[in-house]
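See below for the structure under consideration.
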Amino acid sequence: RTLHVDLGQNWRGGQSQALLLMEGLRQRGQRVELAAPAGSPLAVKAGKKGFQLYPLPAGGSVIASAVQLRGLRSRGYDVVHTHDAAALTAIWLAGLHTKSRLVAARRLAHPLSKFPWAMARFRAAHRVIAISEFVRQSVLASGVAPAQVEVVYDGVPAEAPAGSGEKRVLKRLWGCSGTTALIGCVGYLLPEKGQEILVRAMPQILQKAPEVRLVLAGDGPCRKQLVRLAEDLGISTAVVFAGHVDDVSQVYRALDVFVFPSLAEPLGSSLLAAMAYGLPVVAASGGAVPEVISSGQNGLLVEAGNAGALAEAVVRLLVDSELAARLASAARATIENRFTADRMVEETLRIYVSA
């Protein structure tokens, strides 16, 4: 019997992985429950799928959530799995770690806070699950014992690549003709996600491929700045700011090339999803991305933050269809061999048992 706790207010990679894990555990006969802020995207989606839900304060307050979570101490959970740092703090304050095995997900690579109470949260966990070796090393560098920290890579469902006819239809959703070359990325619009680098690469891409269009799927605090940058560069007509997309598969299935410009990504769930859809990818080489992409084998890696190199790699895939097809096929095989949702669930379940 597992309780999953997430205090996130948005729908991002961590929430997607939490729901995917919960579904996989339920399919394997586990009893799965969720505590999350009332009305949050994860709570809404989990509720629609029939999960037992304990709504927490809608604002995501750690203190208020901890007070409410104390009422669950007597429910006899075998495992409490926190999916973000705020949830870990709330569970620690509520004392649930004294009643159940505590498993804490770590999706960020910046060092843990050195405040004693902050370190105590992680040391109270029976296991810390890092989503990549890059993240694991940052946790170890902060002083958590190696025996506590294990890597479980994110997983994604198997997806069927779009056929040419479907791709032409979907491109029209983004204001493009069916024959327009479409590149894009999916992600929250933040400085560290590197969308600015991709927008700055567009003038160079357009010099070699004038008909190409860029779709940025996702919203966030950098949207106005990116729109202004596109205007300043004179490329507004070539950039589609799609905002939040409920059915993000329509983006992946419309694209010809997926670009992942994140500067130091802990792993990259949208990168994995694009590979699952059989897309050729260009990715910045920071963070954990080299754990997924071997340049020239299942994608192209470029120096993080280098707009010129990013543009060259994108153009290379647009003009060399044979290379693009080979890398796309290898990308999909990488997901099937190493990053499936089933593998993620099974490895997490193994940690539950051994914690």
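What to note about this one:
- Filtered residue count, segment 197-226, keeping only those that are farther than 21 Å from residue 313 by Cα and part of a helix (DSSP H, G or I): 4
- Candidate set from segment 139-151 (those that are exposed (fewer than 13 other Cβ atoms within 10 Å of the Cβ) and in contact (Cβ under 8 Å) with a residue 24 or more places away in the chain); member that is nearest to the chain's Cα centre (by Cα): 141
- Residues of segment 60-109 that are open to solvent by 50 Å² or more (accessible area, probe 1.4 Å) and not in a loop (DSSP other than H, G, I, E, B): 63, 67, 68, 70, 71, 73, 74, 75, 92, 93, 98, 101.
- Breaking point among (1) over 18 Å from residue 312 (Cα atoms); (2) touching a residue at least 24 places away in the same chain (Cβ under 8 Å); (3) within 15 Å of the chain's Cα centre (by Cα), for residue 278: (3)
- Against the list (1) open to solvent by less than 10 Å² (accessible area, probe 1.4 Å); (2) in a strand (DSSP E or B), the condition residue 242 fails is (1).
- Selection from segment 154-196 of residues that are part of a helix (DSSP H, G or I) and either among the small types (Gly, Ala, Ser) or crowded, with 22+ Cβ neighbours inside 10 Å (or both): 164, 165, 171, 193, 195
- Selected residue (criterion: surrounded by the most Cβ atoms within 10 Å (Cβ to Cβ)) from residues of segment 110-138 that are polar (S, T, N, Q) and modelled with pLDDT of 90 or more: 132
- Any chance residue 16 is among the hydroxyl-bearing types (Ser, Thr, Tyr), crowded, with 19+ Cβ neighbours inside 10 Å and assigned to a helix (DSSP H, G or I): yes
- In the set (1) touching a Leu at 6+ places or on another chain (Cβ under 8 Å); (2) touching a residue at least 60 places away in the same chain (Cβ under 8 Å); (3) surrounded by 22 or more Cβ atoms within 10 Å (Cβ to Cβ), the condition left unmet by residue 34 is number (2).
- Members of segment 326-347 that are touching a residue at least 60 places away in the same chain (Cβ under 8 Å) and among the β-branched types (Val, Ile, Thr): 335, 340, 345
- Among (1) farther than 27 Å from residue 320 by Cβ; (2) more than 15 Å from the chain's Cα centre (by Cα) - the single one residue 218 does not satisfy: (2)
- Some residue of segment 267-289 being open to solvent by 30 Å² or more (accessible area, probe 1.4 Å), under 23 Å from residue 10 (Cα atoms) and not small (Gly, Ala, Ser): no
- Which listed residue is under 22 Å from residue 205 (Cα atoms) and surrounded by fewer than 23 Cβ atoms within 10 Å (Cβ to Cβ), from 349, 323, 317, 310: 323
The values are calculated or read from the model by the stated rules, or taken from the named source; none is laboratory data. Just so you know, these numbers come straight off a predicted model, no measurement behind them. Neighbour counts run over all protein chains shown; Cβ positions are idealised from the backbone, glycine included. These area figures cover heavy atoms from the full protein model, side chains too; ligands, DNA and RNA do not enter into them. Shrake-Rupley method; radii C 1.70, N 1.55, O 1.52, S 1.80 Å.
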